[in-house]
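Shown next, in structure tokens, is the structure this report addresses.
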Amino acid sequence: MNRVDADVLIIGAGPAGSMAAALLRKQGLSVVILEKEHFPRFSIGESLLPQSLGLLEEAGMLKAVVEAGFQYKNGAAFSRKGRRTEFDFRDKFSEGWGCAYQVQRATFDKVLADEASRAGAEIRYGHEITAVDVAGGSPRLSVNGPDGKAYEVAGRFLLDACGFGRTLQRMLKLETPSGFPSRRAMFTHIEDRLPTGTFDRNKILVTVHPKHVDVWYWLIPFSNGRCSVGVVAEAPFLEKYSADLTAGLKALHSEDALLADMLKDAVWDTPARAITGYSCNVSSLWGKNFALLGNAGEFLDPVFSSGVTIAFKSASLAAPLIVRQLKGETVDWDAAYARPLKKGVDAFRAFVESWYRGGFQDVILHPKPDPSMRKMICSVLAGYAWDQTNPFVAEPRRLALLEELCAV
């Protein structure tokens, strides 16, 4: 059997894999990325957070993203039963970027993958992993190429960045329950034809269902007159809408007065899709000569658009540790990778849990918000979930206390 060797093997050419590859190539390591799909390919998770821009800058990828012409984004709007509020990410507690982009992921992911390739990473599209061996001195992958021929890839370190493919999770039996109910997302892209002045296209709109506090919609405008629309709810709630996904998605949007008015002239020209049970967790984010990045390790929920930011942050944390380990240093992956990454994920988790309880909705829609606390909350919504100077990051339980105060 033919064999390919590299310093670092990466499963998946999405945001986490491409960023990790670019960072590792900066240090002169050879990188091979194995990607099952052919790019460009459709994906959701289209609303970036400002924290991501600093991480793109670190990887040398920001210029390419800026020049791609994506929709500028400066904040988020929330709506529930006729009440609305907006967060401007530039008015935040943490230092750093205060703007981002709303992106068609097919294009965005291809831009990042092309940058990784330009940096010297080898990307093999249409190559599927069939077996993993991490028991020996170096990780080995059995691969089927697009021509059906099998071969082996060996490296000194292995990263799983394949997102919902979760290759190492499955093959090494690392999956554990997420702690969240099984939720379902239904979504599509439409020609939105938003009436002039009805909505600021520089923001994402998150709308709560008029009768169900745990059912919500997203609307993400793009720069070409189209937008991504979707709804998230526990799977049983959406069963009656699922026979025809497009018709069901349209019917759900008609149940909210604001969305029904905004989208009254929209052209629903793309068949809707759905994904169920996307939340996940693992028993460990790392092992002997391997680590899990982004969604391959843990995915919470799409409500605060944290997925790509967590993917980038995991790549930023892991890459220098790999460099150190391959130079012969001893690396404590739990202390230097898993625990730091988890701190930010736990901050996001507190916000997600509060959202579905309805408490966070009460907080952000409170008629007399405290300006300083609003800036701190804005920072987490902008992706700065690792800023330990922010009390809502250092002690996420503060959010539950704020819920109680707003309820009173």
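Could you tell me whether the range 384-393 includes any residue that is assigned by TED's automatic domain parsing to the domain that holds LEU285, out of contact with any strand residue (DSSP E or B) (no Cβ under 8 Å at 6 or more places or on another chain) and either at positive phi or of a type in the set (Phe, Trp, Tyr) (or both)? Before you say what the answer is, go through the steps one by one.
Of all residues in the range 384-393, those assigned by TED's automatic domain parsing to the domain that holds LEU285 come to none.
Looking for residues that are assigned by TED's automatic domain parsing to the domain that holds LEU285, out of contact with any strand residue (DSSP E or B) (no Cβ under 8 Å at 6 or more places or on another chain) and either at positive phi or of a type in the set (Phe, Trp, Tyr) (or both), one finds none in the range 384-393, hence no.
Does ALA382 count as within 19 Å of SER79 (Cα to Cα), within 22 Å of the chain's Cα centre (by Cα) and buried (at least 19 other Cβ atoms within 10 Å of the Cβ)?
On the way: within 19 Å of SER79 (Cα to Cα): yes; within 22 Å of the chain's Cα centre (by Cα): yes; buried (at least 19 other Cβ atoms within 10 Å of the Cβ): yes.
Yes.
All conditions in (1) touching a Phe, Trp or Tyr at 6+ places or on another chain (Cβ under 6 Å); (2) buried (at least 23 other Cβ atoms within 10 Å of the Cβ) hold for GLY98, with the sole exception of (2). Which pairs turn up if I take residues in the range 17-34 that are of a type outside the set (A, V, I, L, M) and look for partners that are assigned to a strand (DSSP E or B) and surrounded by fewer than 24 Cβ atoms within 10 Å (Cβ to Cβ) with beta carbon separation below 7 Å, at least 6 apart in sequence or on another chain? So the pair list comes out as SER30/ALA6; SER30/ASP7. Only one of LYS288, LYS240 is among the charged types (D, E, K, R), free of Cβ contacts under 8 Å to residues at least 40 places away in the same chain and out of contact with any strand residue (DSSP E or B) (no Cβ under 6 Å at 6 or more places or on another chain). Can you tell me which? One residue alone meets the criteria, LYS240. Taking every residue in the range 291-303 that is more than 27 Å from GLY75 (Cα to Cα) and of a type in the set (Asp, Glu) and pairing it with any residue that is at pLDDT below 80 and not in a loop (DSSP other than H, G, I, E, B), at least 6 positions away or on another chain, yields no pair with a Cβ-Cβ distance below 9 Å.
A quick yes/no check of all residues on (1) surrounded by fewer than 23 Cβ atoms within 10 Å (Cβ to Cβ); (2) under 30 Å from ASP214 (Cβ atoms); (3) in contact with a strand residue (DSSP E or B) (Cβ under 9 Å, 6 or more places away or on another chain):
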| site | (1), (2), (3) |
| --- | --- |
| ALA6 | yes, no, yes |
| LEU9 | no, no, yes |
| ILE33 | no, no, yes |
| VAL66 | yes, no, yes |
| LYS73 | no, yes, yes |
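For the range 189-196, the count of residues that are in contact (Cβ under 8 Å) with a residue 40 or more places away in the chain, assigned to a loop (DSSP other than H, G, I, E, B), touching a Phe, Trp or Tyr at 6+ places or on another chain (Cβ under 7 Å) and not aliphatic (A, V, I, L, M) is zero.
Take the conditions buried (at least 22 other Cβ atoms within 10 Å of the Cβ), under 19 Å from the mean Cα position of the chain (by Cα), more than 16 Å from ALA20 (Cβ to Cβ) and modelled with pLDDT under 95 and apply them to ARG183. Does it pass?
Working: buried (at least 22 other Cβ atoms within 10 Å of the Cβ): yes; under 19 Å from the mean Cα position of the chain (by Cα): yes; more than 16 Å from ALA20 (Cβ to Cβ): yes; modelled with pLDDT under 95: yes.
In short, yes.
Determine, yes or no, whether TRP286 is aromatic (Phe, Trp, Tyr) and under 21 Å from the mean Cα position of the chain (by Cα). Walk me through it before giving the result.
Values: aromatic (Phe, Trp, Tyr): yes; under 21 Å from the mean Cα position of the chain (by Cα): yes.
So TRP286 fits the description; yes.
All of (1) crowded, with 16+ Cβ neighbours inside 10 Å; (2) within 18 Å of the chain's Cα centre (by Cα); (3) in a helix (DSSP H, G or I); (4) not acidic (Asp, Glu) hold for ALA106 with one exception: (1).
Keeping to the range 307-328, report how many residues are more than 18 Å from GLY287 (Cβ to Cβ), more than 13 Å from the chain's Cα centre (by Cα) and not basic (Lys, Arg). Don't jump to the end; show me each part of the working.
Residues of the range 307-328 that are more than 18 Å from GLY287 (Cβ to Cβ), as a first pass: 307-313, 316, 320, 323, 327-328.
Next cut, more than 13 Å from the chain's Cα centre (by Cα) only: 316, 320, 323, 327-328.
Filter once more, keeping what is not basic (Lys, Arg): 316, 320, 323, 328.
Result for the range 307-328: 4.
Do we have any residue at all in the range 280-303 that's assigned to a helix (DSSP H, G or I), at pLDDT below 95 and at negative phi? Checked the range 280-303: at least one residue is assigned to a helix (DSSP H, G or I), at pLDDT below 95 and at negative phi.
The values are calculated or read from the model by the stated rules, or taken from the named source; none is laboratory data. Worth saying up front: this structure is predicted, and the values here are computed from it rather than measured. Quick reminder, even Gly has a Cβ in these numbers, built from the backbone with ideal geometry, and neighbours come from all protein chains shown.
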